[in-house]
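Notes for the one structure printed next.
The values are calculated or read from the model by the stated rules, or taken from the named source; none is laboratory data. Everything numeric here is computed off the predicted structure, so don't read it as measured data. Cβ: placed from backbone, ideal geometry, glycine included. Neighbour counts: every protein chain shown. Note: areas computed on protein heavy atoms with side chains; ligands, DNA, RNA excluded. Shrake-Rupley method; radii C 1.70, N 1.55, O 1.52, S 1.80 Å.
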Amino acid sequence: MSCTNFLKLLFRSRRNDLTGEDTLFNRCLTVLDVILLGMGSMLGPGLYVATGQIARDTAGPAIVISLVIAAVPAILSSLCYAEFAARVSKTGSSYVYTYLALGEIWAFIIGWNLILENVLASALLGNEFSKFVNSVSGQRISKFMTENVAHWSVKGFRQFPDFIAFTVVIVFTVLAATGPRKPALFMRFATLINLLVVLFIVLTGFYFMDTTNWETIEKFAPYGFNGIMTGASLSYFSFLGFDIINSASEETNNPRRVVPFANAVSTYIGVFIYLITAAILTLIIPYKKLSFYSPLTDAFSYTGFGIGKYFVAIGGFFGMSTAILTFNYAGTRLIYAMANDGLLFQSLAKISNRTRIPLRATLIFGFSAAGISLFLDLNDLVEMLSIGTLMAYTAVSLAVLLERYRPLPLLEFQTDGEDDDMTEDEAITCCGKLSEGIKKRLHKPSTVYGTKNDLRSRLGEKPSDETHRLAGIAAACLLFAVYGFSMTVSPGSGLAHITQQNPVIIFVSCLMVLIIILSMVLLFLLPTNRMRVVHAVPCTPFVPLTSIFTNIYLLTNLSRWTWARFAAWMFIGMAIYFMYGIHNSKEALSGDGPSRDFLQRLTQPTRGVPVRTGTPSSEEGPMSPSSESENDDEGFQFNLLTSEDESPKQSLIKKKEKKKEEETEQQD
């Protein structure tokens, strides 16, 4: 019994306070601001640096094909994020969606790794900004630093302190700390400059392009099929940005419409810009002559159009600046969301009354990233960015899949009134009609389908708690089998043994395939819900399953050292969770039943911890729409003051006592 209750604690999901419009943030971001937030994270070093590096060393001009291949799983993942954005209007992105569908422990794992990813990404972008400036200056900066400041050779550290990277990260941390309006204005200006530079690259590229760079298959794809696929796996991370868009849900008006729309627009525009830029780049200069640190700028020097180099450099500066700002934005909102739920130290969830942002989280995040960028060499930690992102994408895709099998109430996550007018015929897509046709085929009287029909009749036509548990078990087996099969066919692990006809590896591979088939058959037979939201993922379960398979395969290509660093980071995270988060969680304090009693027996909650400064419900607090407070600032101040005067347990006890008193009065 104790073990069962403990597992219930770990896998409890968040089902409340997900769609309310009340928030301590300032809802001031427009549709354009949210679109530019996604584009700002995409059109940075990936466009100005990584594209040329991959073309030079991995794929050649065939990077265009690599980008197309990489765009497919990226778009599939963005569809999964768009569905949750249409249902959930709270900040936190992947963390909140995982909390909703998979449970608290998985949400903490995803959120904890994404915090590290965002910190490292901000620091890495600062370093890339510094390298870009140094390359444009002709290596003068690095030469001055090594000759006049410092020069050392320590593994894991830079040869000299990178003051440019440190300054850049600090500047954008201070900008982010001023509130959402000024960063949004900067994003508009910087992204406009960035798009004008891209237009300049395309127009001048058509003039200088040389089609002989693509005229033979040896020139177009010099590294062959393996180079194209390796380039696709590296290019996949150039399209990251839609998860950052979802972090703006509490700072956007009508987020359940704006965020999914911005998600789609920014993703498709970003993919198009990458494709046309990569094509122009490899047409104006042979791929072997691309420079490593600033390929796009140096390409114009090759053409003899020297002034064009500086125009492109300006775009690179602004592109990397917006990328740093967006990762800072996403990281601080994630820290706030986790602290707001009690899983991290709740002082990090304190909202500034003047700027209406989590100021403490912003400053801690920014100075941590700046300190890392000042001394550490992040080349060996690049894969740490991949592991957090891929795990988050896998979790969100799995969450979309499992939500179809959850017995949801009819009005849960109801969308706005316009969406409720959809008829059944309008809600069914072509994939839905295909699924209905398969179901009708299965229900035809036949000895072949008799067993299947009997199973479906026992499971029922609508999801239940039992079928939801079966779906969870099938999904767990599917994840295990997909990971095992990916390990056996991954070039870095099992593929060499398969080519050598190793019987053990071949047997394991066949066994994993069998488990995958059985798990998918069970998932197809279980009854599902039809999501009544505009941005529901089409072709379910095909789209989320394809996204899961792709992301897990990419995970298996990461190095062993990356997994070792992941384990070390998770050790720290699990210590924080089991010592603090598990008994300060909002779900733990508000829950009822034996699991809460077990938690109280297991460990005593920390006394005197400030209550989470999160979104008040619509029935309480000065931020309620029905509040008679005339001054919003007074409302925020009142909420912050009262949140520090009582602990979470005391506030919840008072709420329950008040409810009991009201029920007693109604009975009398």
Answer yes if at least one residue in the range 548-561 is over 18 Å from Leu398 (Cβ atoms) and free of Cβ contacts under 8 Å to residues at least 60 places away in the same chain, and no otherwise. yes
Qualifying residues in the range 528-544 (those that are surrounded by fewer than 18 Cβ atoms within 10 Å (Cβ to Cβ), part of a loop (DSSP other than H, G, I, E, B) and not polar (S, T, N, Q)) - the one nearest to the chain's Cα centre (by Cα): Pro538
Has the range 253-268 got at least one residue that is small (Gly, Ala, Ser), closer than 16 Å to Phe200 by Cα and touching a helix residue (DSSP H, G or I) at 6+ places or on another chain (Cβ under 8 Å)? no
Could you tell me which residue of the range 349-382 is least open to solvent (accessible area, probe 1.4 Å), considering only residues that are of a type in the set (D, E, K, R) and within 24 Å of Ser585 (Cβ to Cβ)? Lys350
Residue count, the range 200-231, condition at pLDDT 85 or above and closer than 30 Å to Tyr553 by Cα, comes to 11
Where a residue in the range 180-203 is over 24 Å from Thr252 (Cα atoms) and in a helix (DSSP H, G or I) and its partner, wherever it lies, is aromatic (Phe, Trp, Tyr) and open to solvent by 90 Å² or more (accessible area, probe 1.4 Å), with Cβ under 8 Å and at least six apart: Val197/Phe311; Phe200/Phe311
If Arg140 satisfies every condition in (1) free of Cβ contacts under 8 Å to residues at least 40 places away in the same chain; (2) among the charged types (D, E, K, R); (3) surrounded by 20 or more Cβ atoms within 10 Å (Cβ to Cβ) but one, which is the exception? (3)
It is to be established whether one or more residues within the range 179-201 are buried (at least 22 other Cβ atoms within 10 Å of the Cβ), within 20 Å of Leu36 (Cα to Cα) and basic (Lys, Arg). no
Which of the residues belonging to the range 477-496 are at pLDDT 70 or above, surrounded by fewer than 22 Cβ atoms within 10 Å (Cβ to Cβ) and more than 26 Å from the chain's Cα centre (by Cα)? Val489
Just the residues that are modelled with pLDDT of 90 or more and open to solvent by less than 50 Å² (accessible area, probe 1.4 Å), please, taken from the range 507-519. Met512, Ile515, Ile516, Ser519
